[in-house]
1. What's the number of the condition Glu49 fails, among (1) closer than 25 Å to Ala209 by Cα; (2) surrounded by fewer than 19 Cβ atoms within 10 Å (Cβ to Cβ); (3) not hydrophobic (A, V, I, L, M, F, W, C)?
2. May I ask you to list the residues in segment 131-157 that are surrounded by fewer than 20 Cβ atoms within 10 Å (Cβ to Cβ), within 23 Å of Ile226 (Cα to Cα) and in contact (Cβ under 8 Å) with a residue 40 or more places away in the chain?
3. Assess whether Arg164 counts as being surrounded by fewer than 22 Cβ atoms within 10 Å (Cβ to Cβ), among the basic types (Lys, Arg) and under 24 Å from Phe57 (Cβ atoms).
4. Of all residues in segment 95-122, how many are part of a helix (DSSP H, G or I) and surrounded by fewer than 24 Cβ atoms within 10 Å (Cβ to Cβ)?
5. Before we move on, is Thr197 loosely packed, with under 14 Cβ neighbours inside 10 Å and among the polar types (S, T, N, Q)?
6. Can you find a residue that is within 14 Å of Asp104 (Cα to Cα), in a loop (DSSP other than H, G, I, E, B), touching a Phe, Trp or Tyr at 6+ places or on another chain (Cβ under 8 Å) and at pLDDT below 95 anywhere in segment 24-32?
7. List the pairs whose first member sits in segment 176-195 and is assigned to a helix (DSSP H, G or I) and basic (Lys, Arg), whose second member is surrounded by fewer than 22 Cβ atoms within 10 Å (Cβ to Cβ) and at pLDDT 95 or above, and whose Cβ atoms are under 6 Å apart, counting only residues at least 6 apart or on separate chains?
8. Can you tell me which condition Ala69 does not meet? The list is (1) outside any loop (DSSP other than H, G, I, E, B); (2) in contact (Cβ under 8 Å) with a residue 60 or more places away in the chain; (3) hydrophobic (A, V, I, L, M, F, W, C), and all the others hold.
Amino acid sequence: MTLSRRHFFYGTAAATAMGLTASQGAAATCMMPTQERQAALTPQGVVDELMAGNARFVSGNLVNCDLNAQVVQTSGGQYPIAAIVGCIDSRVPPELVFDQKIGDVFTARIAGNFVNTDIVGSLEFACRVAGAKAIVVLGHTECGAVKGAVDQVELGNLTEMLKRIEPAVQAAGPVAERTSKDKAFVQKVADANVGLTVQQILDTSPVLADMVAAGELVIVGGMHDIATGQIRLIA
C-alpha cells in the first residue's frame, strides 16, 4: 500500500529533539503524568517529547523520577500521552528508550511489532477513551522476528505469526537470494513492516483514522538502532 506522507512528522522538531545537548538533557525535569499535562500537549508535541526523551536516553542524561510517588499518583487514574506498538525484544523497552515513566505511555508488544484486531482495539481505547495523542509503531534493527520471516522459519505457533510479516518481505523485494544473512535486506523488511503497520492501523480503524483527520492524533513509525539506542522516524 502507498503510505500517505500526511501521517508522519518530519522536519526540525524531531531533528532538534535528537540534537539536544548533554546540558539540555540534564536540565530536563520529571513530568508527572497528569490530566493537565495530557491536555496541554498537541499530537506533534507528544512526538517531540518522545524524541527528546530518546535523545536523553542516547546521551545518558535520563530524567530521574520518584517512581514510588508516580505509583501513588497514578493509582486513581491514568493520563498517558502516547501509545507504542513495539517488539518484545528485550533490548527495546519503550519506556526506557523514550525516557518515559510510570503512567506516561501505553505499550503493546509483540514479536515483529505488527498489529491485529486485539491490538488495534487496544489502541482505540488508548487514544479515543484514555486520551493518548500519538501512536508510535517502533521497530528495531537486527529484529529476530523479521529475520525469521525472511528465512520462512517454521516452529510451532511461530510459523503462523511470522506470516504477518510476509507482506513486508514482499514489499522489500525482490532479491537474488532470500536470506537473513543479507543485513541490508533484513533492514529494508523491518522498515517496510513498520510502514505497513502504520497504514494497517489507519485502514482497519475508522476511529483512529477519524482522529488523525481531525488533528487529534498522529501515527508515526520509528526504528530503534540497538547498537546506538537512537530512534529515527520513518517516512
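1. If we test Glu49 against (1) closer than 25 Å to Ala209 by Cα; (2) surrounded by fewer than 19 Cβ atoms within 10 Å (Cβ to Cβ); (3) not hydrophobic (A, V, I, L, M, F, W, C), just (2) comes out false.
2. Thr141, Glu142, Gly144, listed by residue number.
3. Working: surrounded by fewer than 22 Cβ atoms within 10 Å (Cβ to Cβ): yes; among the basic types (Lys, Arg): yes; under 24 Å from Phe57 (Cβ atoms): no.
No, not satisfied.
4. Looking only at segment 95-122, we keep the residues that are part of a helix (DSSP H, G or I), and these are 95-97, 117-122.
Next cut, surrounded by fewer than 24 Cβ atoms within 10 Å (Cβ to Cβ) only: 95-96, 117-122.
Residues in segment 95-122 being part of a helix (DSSP H, G or I) and surrounded by fewer than 24 Cβ atoms within 10 Å (Cβ to Cβ): 8 in total.
5. no
6. The answer is no, given that none of the residues of segment 24-32 is within 14 Å of Asp104 (Cα to Cα), in a loop (DSSP other than H, G, I, E, B), touching a Phe, Trp or Tyr at 6+ places or on another chain (Cβ under 8 Å) and at pLDDT below 95.
7. From residues that are assigned to a helix (DSSP H, G or I) and basic (Lys, Arg), the pairs are Lys188/Ala172.
8. Condition not satisfied by Ala69: (2).
The values are calculated or read from the model by the stated rules, or taken from the named source; none is laboratory data. It should be emphasised that the depicted structure is a prediction, and the values quoted were computed from it without experimental measurement. All Cβ positions, even for glycine, are placed from backbone atoms using ideal geometry, and neighbour counts span all protein chains on display.
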